[in-house]
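Down below is the structure, laid out as structure tokens.
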Amino acid sequence: MAQHFTDGDCYEKKFNSRMYLEMYFSSSSGYLQDNTFLSFVLKNLVKAFSRCPKCHTMLEIGSGPCLHLALCALEHVEEIVVSDYVSKNQQEIELWLQNDPGAFDWSPVAKFVSELEGNREQWAEKEKKLRDSVKQVLKCDVHQSNPLYPVELEPVDCLLTSLCLESASKDKAAYCTALRNVTSLLKPGGVLVMIGDLKESFYKIDEVKFSCLSFDQVFLKKSLKEAGYEIEQLEIFVAPEKSVNPISDYEASYFLVAHKQKNA
């Protein structure tokens, strides 16, 4: 039976931002251990940004309530803008940026990233720098031609997105349109860093199931090429113990770096 599509209204009503953070990012969840999706992402991000020239602006599309990707990019960009569709996700980020005592604790991730960069003792300074570097927290709808409407941003140097387009798209046509929409926010020659899952139809937060568009590497590469990208790096993480995973049916995760072609 086909998975019911969970649209934006469903996310606004049912997405539990704090539960999501506790399940996937808390120090007690074990997700920072080796051979986990989170460690795969963070290690690849730190390596990728260390190889890229420093840039002025980075935009994250579909950040959720999360700041782990921005923590990895921090030393290589001057200004960061994060965005998400769900208002509670935006509020979670604002709480942390304001150093609110009720905000989610990102320090274990900050320490992990700092250690990967060879500066574990500098994690507190990294958090302060991130608070200074995030310039805007915006509403984002990838199905609009300008996903940040009514805000108009100058095209950015680096576009970062993780687990967003496949969650927001009902079918492959919608996915390709959403990819073109977010691509319009990136400068020609700019860098796209994209993270996602392959062959995933759902994931859960507590007992609430959210749909995902299931696709393979062939479709991923084809859609990026048609959107005007040249893939430079593609890493695959095979899901451990897929058959006994109660919160997602993904078969693998991917991490890719691509450049927007200058004539795109």
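Being of a type in the set (Asp, Glu) and in a strand (DSSP E or B) is the filter here; which residues of region 203-234 pass it?
Step one: filter region 203-234 for residues of a type in the set (Asp, Glu), giving 206-207, 216, 226, 230, 232.
The answer is Glu230, Glu232.
Residues of region 23-49 being among the small types (Gly, Ala, Ser), open to solvent by less than 30 Å² (accessible area, probe 1.4 Å) and over 21 Å from Lys88 (Cβ atoms), which ones? So that I can check it myself, show each step before the final result.
Applying the first criterion (among the small types (Gly, Ala, Ser)) to region 23-49 yields 26-30, 39, 48.
Going one step further and asking which of them are open to solvent by less than 30 Å² (accessible area, probe 1.4 Å), we end up with 26, 30, 39, 48.
Gly30, Ser39, Ala48 - these are the residues of region 23-49 that are among the small types (Gly, Ala, Ser), open to solvent by less than 30 Å² (accessible area, probe 1.4 Å) and over 21 Å from Lys88 (Cβ atoms).
Out of Lys88, Lys128, which single residue is in contact with a Ser or Thr (Cβ under 7 Å, 6 or more places away or on another chain) and not aliphatic (A, V, I, L, M)? If you could, list the steps in order and put the result at the bottom.
Values: Lys128 fails: in contact with a Ser or Thr (Cβ under 7 Å, 6 or more places away or on another chain).
On inspection, the qualifying residue turns out to be Lys88.
Out of the residues in region 8-22 that are of a type in the set (A, V, I, L, M, F, W, C) and surrounded by 16 or more Cβ atoms within 10 Å (Cβ to Cβ), state the one that is nearest to Ala168 (Cα to Cα). Write out each step before concluding.
Of the residues in region 8-22, the ones of a type in the set (A, V, I, L, M, F, W, C) are 10, 15, 19, 21.
Imposing the further condition that a residue be surrounded by 16 or more Cβ atoms within 10 Å (Cβ to Cβ) reduces the set to 15, 21.
Values: Phe15: 13, Leu21: 19 Å.
Among those that are of a type in the set (A, V, I, L, M, F, W, C) and surrounded by 16 or more Cβ atoms within 10 Å (Cβ to Cβ), it is Phe15.
Given Ala103, Ala178, Ala110, Ala174, which one is in a loop (DSSP other than H, G, I, E, B), among the small types (Gly, Ala, Ser), free of Cβ contacts under 8 Å to residues at least 40 places away in the same chain and open to solvent by less than 30 Å² (accessible area, probe 1.4 Å)? Even if it seems obvious, please write down each step before you answer.
Numbers: Ala178 fails: in a loop (DSSP other than H, G, I, E, B); Ala110 fails: in a loop (DSSP other than H, G, I, E, B); Ala174 fails: in a loop (DSSP other than H, G, I, E, B).
Going through Ala103, Ala178, Ala110, Ala174 in turn, just one is in a loop (DSSP other than H, G, I, E, B), among the small types (Gly, Ala, Ser), free of Cβ contacts under 8 Å to residues at least 40 places away in the same chain and open to solvent by less than 30 Å² (accessible area, probe 1.4 Å): Ala103.
Taking Ser223 as the residue in question, decide whether it is open to solvent by less than 30 Å² (accessible area, probe 1.4 Å), among the polar types (S, T, N, Q) and closer than 20 Å to Val41 by Cβ.
On the way: open to solvent by less than 30 Å² (accessible area, probe 1.4 Å): yes; among the polar types (S, T, N, Q): yes; closer than 20 Å to Val41 by Cβ: no.
Taking the combined requirement at face value, the residue does not satisfy it.
Looking at this structure, is Lys126 open to solvent by 20 Å² or more (accessible area, probe 1.4 Å) and either in a strand (DSSP E or B) or charged (D, E, K, R) (or both)? Show your work before the answer.
Numbers: open to solvent by 20 Å² or more (accessible area, probe 1.4 Å): no; either in a strand (DSSP E or B) or charged (D, E, K, R) (or both): yes.
Considered against the rule, which asks whether it is open to solvent by 20 Å² or more (accessible area, probe 1.4 Å) and either in a strand (DSSP E or B) or charged (D, E, K, R) (or both), Lys126 comes out as no.
Given the conditions (1) modelled with pLDDT under 95; (2) aliphatic (A, V, I, L, M); (3) closer than 27 Å to Glu115 by Cβ, which single one is not true for Met1?
(3)
Give me the pairs, please: first residue somewhere in region 15-28 and under 17 Å from Leu69 (Cβ atoms), second residue anywhere and among the hydrophobic types (A, V, I, L, M, F, W, C), beta-carbon distance under 6 Å, and either six or more positions apart or on two chains.
Within 6 Å, the pairs are Tyr20/Ile205; Leu21/Phe104.
Can you name the residue in region 68-100 that is over 18 Å from Lys135 (Cβ atoms) and either in a loop (DSSP other than H, G, I, E, B) or among the basic types (Lys, Arg) (or both) and is also least open to solvent (accessible area, probe 1.4 Å) among such residues? Steps first, please.
Residues of region 68-100 over 18 Å from Lys135 (Cβ atoms): 68, 85-88, 100.
Okay, now just the ones that are also either in a loop (DSSP other than H, G, I, E, B) or among the basic types (Lys, Arg) (or both), so 85-86, 88, 100.
Details: Tyr85: 69, Val86: 4, Lys88: 72, Asp100: 60 Å².
Checked region 68-100; the qualifying residue least open to solvent (accessible area, probe 1.4 Å) is Val86.
When region 182-211 is examined, which residues are found to be open to solvent by less than 20 Å² (accessible area, probe 1.4 Å) and of a type outside the set (A, V, I, L, M)?
Thr183, Gly190, Gly196, Asp197, Glu200, Phe210, Ser211
If I ask for residues that are in contact with a Phe, Trp or Tyr (Cβ under 6 Å, 6 or more places away or on another chain) and surrounded by 21 or more Cβ atoms within 10 Å (Cβ to Cβ), which ones from region 150-171 would you list?
Within region 150-171, the subset in contact with a Phe, Trp or Tyr (Cβ under 6 Å, 6 or more places away or on another chain) is 165, 169-170.
Passing the criteria: Leu165, Ser169.
Hey, any hits in region 157-171 for a residue that's basic (Lys, Arg), in contact (Cβ under 8 Å) with a residue 12 or more places away in the chain and farther than 25 Å from Phe104 by Cα? Please lay out each step first, then the result.
Going residue by residue through region 157-171, those that are basic (Lys, Arg) are 170.
Retained after the next criterion (residues that are in contact (Cβ under 8 Å) with a residue 12 or more places away in the chain): 170.
Cutting the leftovers down to farther than 25 Å from Phe104 by Cα gives us 170.
Yes, that holds for at least one residue.
For region 50-60, which positions are outside any loop (DSSP other than H, G, I, E, B) and either on the phi > 0 side of the Ramachandran plot or open to solvent by 10 Å² or more (accessible area, probe 1.4 Å) (or both)?
Residues of region 50-60 outside any loop (DSSP other than H, G, I, E, B): 50-51, 55-60.
Once the filter is applied, which keeps residues that are outside any loop (DSSP other than H, G, I, E, B) and either on the phi > 0 side of the Ramachandran plot or open to solvent by 10 Å² or more (accessible area, probe 1.4 Å) (or both), region 50-60 yields Ser50, Arg51, Cys55, His56, Thr57.
Please verify whether Ser63 is touching a residue at least 24 places away in the same chain (Cβ under 8 Å), touching an Asp or Glu at 6+ places or on another chain (Cβ under 7 Å) and either buried (at least 22 other Cβ atoms within 10 Å of the Cβ) or of a type outside the set (Gly, Ala, Ser) (or both), treating the condition exactly as stated. Break it down into steps so the answer makes sense when it comes.
On the way: touching a residue at least 24 places away in the same chain (Cβ under 8 Å): yes; touching an Asp or Glu at 6+ places or on another chain (Cβ under 7 Å): yes; either buried (at least 22 other Cβ atoms within 10 Å of the Cβ) or of a type outside the set (Gly, Ala, Ser) (or both): yes.
Considered against the rule, which asks whether it is touching a residue at least 24 places away in the same chain (Cβ under 8 Å), touching an Asp or Glu at 6+ places or on another chain (Cβ under 7 Å) and either buried (at least 22 other Cβ atoms within 10 Å of the Cβ) or of a type outside the set (Gly, Ala, Ser) (or both), Ser63 comes out as yes.
How about region 43-84: which of its residues are closer than 24 Å to Ser184 by Cβ and over 14 Å from the mean Cα position of the chain (by Cα)?
Just the residues of region 43-84 that are closer than 24 Å to Ser184 by Cβ, to begin with: 45, 48-49, 52-64, 66, 69-70, 73, 76-84.
Answer for region 43-84, where residues must be closer than 24 Å to Ser184 by Cβ and over 14 Å from the mean Cα position of the chain (by Cα): Ala48, Phe49, Cys52, Pro53, Lys54, Cys55, His56, Thr57, His76, Val77, Glu78, Glu79.
The values are calculated or read from the model by the stated rules, or taken from the named source; none is laboratory data. Quantities reported herein were computed from a predicted structural model and do not represent experimental measurements. A quick note on method: Cβ atoms are made from the backbone with ideal geometry, for glycine too, and the neighbour counts reach across all protein chains shown. For accessibility, only protein heavy atoms count, side chains too; no ligands or nucleic acids. Shrake-Rupley method; radii C 1.70, N 1.55, O 1.52, S 1.80 Å.
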